[in-house]
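This report concerns only the one structure given below.
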Amino acid sequence: MKSIILSNFHPVTVGQLFDQEKLNQYTKFLYYHFQNSPGLGTVESSDQVKDEKVSFDFISDQVDKYSVSSENISSRQIIIFEEVKDFIEKIMEVTSPMEYHFPDGFEVKEGKSSGPKIEVRMEWFKNKMGFVFDQFYSKNNSKPENLIHVTCSGYSSPSVAQEAVIERNWSSVQVTHSYHMGCYGAFPAIRTASSLIAASLNNGRVDVVHTELLSAHLNLTEFSPANTMICSLFADGFIGYSLYEEQSFMNDDAVLEKKGLRILASHELLIPDSLEDMSWDLGEYNFLMTLSKRVPVFIRKNIKSFLTTLCEKGDVDLEKQKSQMYFAIHPGGPKIIDYVVSEIGIADDQARWSYEVLRNHGNMSSATIPYILKNIIDDSSIKAGTKVIAMAFGPGLTATSLLLEKI
């Protein structure tokens, strides 16, 4: 069996990172507008009398109560707000809530209470995502044997990955699309890439590029606890990386730093009786998320046995070795990391890059785990030979994981 290395991680910044407190404040402004526009407002609260105007103080209290605070997320990349950057950064704090600056396309017109329809949002995706491939291949302009495009936030055919290959005249590069898997999307992409290398006669490199434009799916008109949490948690995230057969990796002169993660084992489980507890579906205006309160319960109930099985596949005793391992836990929310750390009995420091990536970037869906893995690779205090467990949860409810070793 071929030994596979994950390396060459390059995050891409398409727009600036916004301060979380300012983003939450901007959400209050937009909620206030939409709730007080005739025919648009929908308040999920028995405290409000029908047709009564919703006060800014009430909206502010609700957003503060249900949004992810700046203690857990300090900044996020939200591309669709780039056009109102100056308002958010400089003007909003001295402006009345009755005044608004909207991103282009988000102005709610008469009879259209949910903002731009799905085709408009997909057009944003197509127009902006080619930049991600340009930036990734500015770091490594040699062509791979295979390219896998991962996203759960935008689609087009031909895809932006195919356009990237065509623009570079890479007619022999095979493009594979790994779509709509949500937060655990990196794992099936990595499995696919590993299989492509295993089948390759040339041990050719496989590149994986994630383009998660989650801000294209914000619903700024629905004033509810669930939507407030979603609007304050998710962020745009873009990253590319490569998989190599290990000897080819070591012999590749283009790879100056021989650092990365060796794949030892993988494991995935569709948790019974949880099919309706997490979903990511197509809607008329945007993609629609559901996340039930039972998800943390499922995770806490299953995580220990799940990771024990993963480690057994790699001849590792989780209980004996866990104190020497590091953990890349997908931060579905701030509490998810806490639950996993508590259930498997490790120190917070062993999952520090999960907390840090959430704090500095938010939940970037499938792009989040690659960000965490990059930081683990770059962390000089984590020595070669250290075992790393990466895990994520997604629609299904699916739990998926990798056992890795730092090289």
> Do we find a residue being touching a Lys or Arg at 6+ places or on another chain (Cβ under 8 Å) and part of a helix (DSSP H, G or I) anywhere in the range 150-160?
Replying inline: yes
> Which of the residues spanning the range 223-257 are modelled with pLDDT under 95 and part of a loop (DSSP other than H, G, I, E, B)?
Replying inline: 224, 252, 253, 254, 255, 256, 257
>> Any residue in the range 294-306 that is at pLDDT below 80 sitting within a Cβ distance under 9 Å of a residue that is loosely packed, with under 15 Cβ neighbours inside 10 Å and not small (Gly, Ala, Ser)? List the pairs, counting only those 6 or more apart or interchain.
In response: 296/335; 298/273
> Which numbered condition trips up residue 138, out of (1) hydroxyl-bearing (Ser, Thr, Tyr); (2) surrounded by fewer than 19 Cβ atoms within 10 Å (Cβ to Cβ); (3) in a loop (DSSP other than H, G, I, E, B)?
Replying inline: (3)
>> For the range 296-407, give me every one of the helices (runs of 4 or more DSSP H) that falls completely inside it and has 2 or more residues that are basic (Lys, Arg).
In response: 352-361
> Based on what the data block shows, is residue 61 surrounded by fewer than 21 Cβ atoms within 10 Å (Cβ to Cβ), over 28 Å from the mean Cα position of the chain (by Cα), within 29 Å of residue 17 (Cα to Cα) and modelled with pLDDT of 55 or more?
Replying inline: no
>> Where the second residue is polar (S, T, N, Q) and surrounded by 18 or more Cβ atoms within 10 Å (Cβ to Cβ) and the first is over 14 Å from residue 26 (Cβ atoms) and lies in the range 58-72, which pairs have Cβ atoms under 7 Å and are six or more apart or on separate chains?
In response: 62/228; 66/228; 68/232
> Can you tell me which of 322, 335, 387, 383 is modelled with pLDDT under 95 and among the charged types (D, E, K, R)?
Replying inline: 335
>> I'd like to check something: does the range 342-352 contain any residue that is in contact (Cβ under 8 Å) with a residue 40 or more places away in the chain, on the phi > 0 side of the Ramachandran plot and out of contact with any Ser or Thr (no Cβ under 6 Å at 6 or more places or on another chain)?
In response: no
>> Suppose we filter 326, 339, 355 for residues that are among the aromatic types (Phe, Trp, Tyr), within 22 Å of residue 236 (Cα to Cα) and not assigned by TED's automatic domain parsing to the domain that holds residue 68; which single one remains?
In response: 355
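The values are calculated or read from the model by the stated rules, or taken from the named source; none is laboratory data. Not measured: the values here are computed from a predicted model. Glycine also receives a Cβ, built like all others from the backbone with ideal geometry; neighbour counts cover every protein chain displayed.
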